[in-house]
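Peer 1: My questions will all concern the structure given below.
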Amino acid sequence: MKSKILPISLIAGILGNLISFSEAGDHIRILYNERPPYLITVSKGIVTGLTATPVSLAFQQSGISHYWEKIPSKRQIAIVQKNKSKVCLVGWFKNPEREKFAKYTKPIYQDKPAIGLALFSNTRIESGRSLKSVFQDKKLKILTKSGYSYGKYVDDLIHTINPNQLSVTVENVNMVKMLEVERADYILMAEEEAMGLFSKELFSNDGFKIIRFLNMPAGSKRYIMCSKKVEDPVIEKLNTWLERNVGIR
């Protein structure tokens, strides 16, 4: 369903009106890592993007004290698991393992179907095959991110087929750099993210090609994921705002 939130270009004034806080202990830390077009730092404490914008508005317009903190994604999940403070993560997928130690809001965004990214010169992989078929081809190596969920459909295929893979802990920008030097044949990402990388001119899209897979389901929904220290009334406030302004079923 199409989001009902205001476009980024119309909310600069809203984002500039940060909530004033009375007690530091009441803050919720919103943890994020730079990830165009989902999360883009505008200036200190102001983050926009496909997932950041609705989160900023939800917290601000619900009157929830918070501040943004940039932290690598693997550290983010560890902080939520330890549950020593009130923290929320932006745009994470939901899965049963995470639901054991985290609370989730209603969805804030839904991706387009996942695509593959490969070097244009790599003739071993092309569009038109199913992802299952590509995973079964042991001559092809996928570069995956350790501890990262690609959504239930892809995660289940990886678990069932166990494709030839190289697992790393770096962020997506560095994964694309690894693809450039042929450490693997392809990576998976949301189409929005691939377009964001190229639009920021971090890479030349002449050197890469998008791989479209047959029968790929709709992309996964993204959520605000919080530590269990975050009280249920806070989650309920966020859900009320998200249902009214985003409305993803």
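Peer 1: On C-alpha positions alone, give me the angle between the axis of helix 232-245 and the longest principal axis of the chain, in degrees, nearest 10.
Peer 2: The helix 232-245 is inclined about 70 degrees to the chain.
Peer 1: With axes computed from alpha carbons, what is the tilt in degrees of helix 52-61 against the longest principal axis of the chain, rounded to the nearest 10 within 0 to 90?
Peer 2: In the chain, helix 52-61 runs at an angle near 10 degrees to the longest axis.
Peer 1: Which value, in debye to the nearest 20, gives the size of the charge dipole of the chain about its Cα centre, when Lys and Arg are +1 and Asp and Glu are -1 at the Cβ?
Peer 2: Around 460 debye, computed over the chain.
Peer 1: What FRET efficiency do you get for Asp155 and Lys44 if R0 is 30 Å and r is their Cβ-Cβ distance, rounded to the nearest 0.05?
Peer 2: It comes to 0.30.
Peer 1: Continuing with this model, one more query. Determine, for each peptide in 83-90, 48-55, the mean count of other beta carbons within 10 angstrom over its residues, then list the peptides with the highest first.
Peer 2: The packing order, highest mean first, is 48-55, 83-90.
Peer 1: To the nearest 0.05, how large is the calculated FRET efficiency for Lys84 and Lys112 if R₀ is 45 Å and r is the Cβ-Cβ distance?
Peer 2: 0.80
Peer 1: Show that you can apply the helix-only estimate: for the chain, add -39,500 (n - 2.57) for every DSSP H stretch of four or more residues, divide by all residues, and state [θ] at 222 nm to the nearest 500.
Peer 2: -8500 deg cm²/dmol
Peer 1: Give me the extension gain from Asn164 to Gln136: residue separation times 0.36 nm, minus the current Cα-Cα distance, reported in nm with one decimal.
Peer 2: Full extension from Asn164 to Gln136 adds 9.2 nm.
Peer 1: OK, next. Could you order peptides 34-40, 238-244 by the average number of other Cβ atoms within 10 Å of their residues, highest first?
Peer 2: 34-40, 238-244
Peer 1: With just the Cα atoms defining each centre, how far is segment 90-160 from segment 168-188? Give it in Å.
Peer 2: Cα centroid to Cα centroid, the span is 14 Å.
Peer 1: Over all alpha-carbon pairs of segment 113-249, lay out the pair-distance distribution in 10 Å bins, whole %, shortest bin first.
Peer 2: The distribution over segment 113-249 is 10, 37, 30, 16, 7, 0, given as percents.
Each reported figure results from applying straightforward, stated rules to the coordinates on display, with no laboratory input. None of the values given here were measured: they were computed from a predicted structure. Cβ: placed from backbone, ideal geometry, glycine included. Neighbour counts: every protein chain shown.
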